[in-house]
1. Would you list 137, 129 from fewest to most Cβ contacts within 10 Å?
2. Ranking 37, 117 by Cβ neighbours within 10 Å, fewest first, what do you get?
3. With a point put 7 Å past each Cα toward its Cβ, work out how far residue 134 is from residue 97 in nm, to one decimal.
4. Could you give the nm distance between label points at residue 80 and residue 108, where each point is 7 Å from its Cα heading toward the beta carbon?
5. In Å and from the alpha-carbon atoms only, list the Rg and Dmax of the range 79-137.
6. Across bins of 5 angstrom width beginning at 0, how are the C-alpha pair distances of the range 18-141 distributed, in whole percent?
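Values quoted throughout were computed directly from the atomic coordinates according to the rules given, and no laboratory measurement underlies them. The shown structure was predicted, so the numbers you read here are calculated from the model rather than taken from an experiment. Counting neighbours? That spans all protein chains shown, and the Cβs are built from the backbone with ideal geometry, glycine included.
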């Protein structure tokens, strides 16, 4: 009886090995797809963060420009003028806090008004735009 069982097992060995190989290949493919899916999710997250960062920067610059423009029509030395300068300065400080690269482009204007050079704004905006594009390309690669 034992020799018969041995010959049956010997005959089934290639089938058992083939099934094991198929299961192993299936697991490898599953893990590979999972890894690709995870990488895609990470890239999508990075694209969203870079896009949000770019859009938030542009919005903050618009708010800063509005605050700066509000000063233009006011009379120097009035409380309204000082409050407008303070508001514009707050916008500059918020921008610097969120965008450290802008600090080197800050200028001091009349009556303590802080301003940011157009060149500085352009440089930082371009960096953020390039980062967004880079993340988009990596996601598609």
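1. Numbers: 137 11, 129 15.
Fewest-to-most ranking of 137, 129: 137, 129.
2. Working: 37 10, 117 13.
So the ranking, lowest neighbour count to highest, is 37, 117.
3. Each label point is offset 7 Å from its Cα along the Cβ direction, giving 2.7 nm.
4. 2.8 nm
5. Both quantities, over Cα of the range 79-137: 14.0, 50 Å.
6. 2, 10, 15, 14, 11, 9, 8, 6, 6, 4, 4, 3, 3, 2, 1, 1, 0, 0
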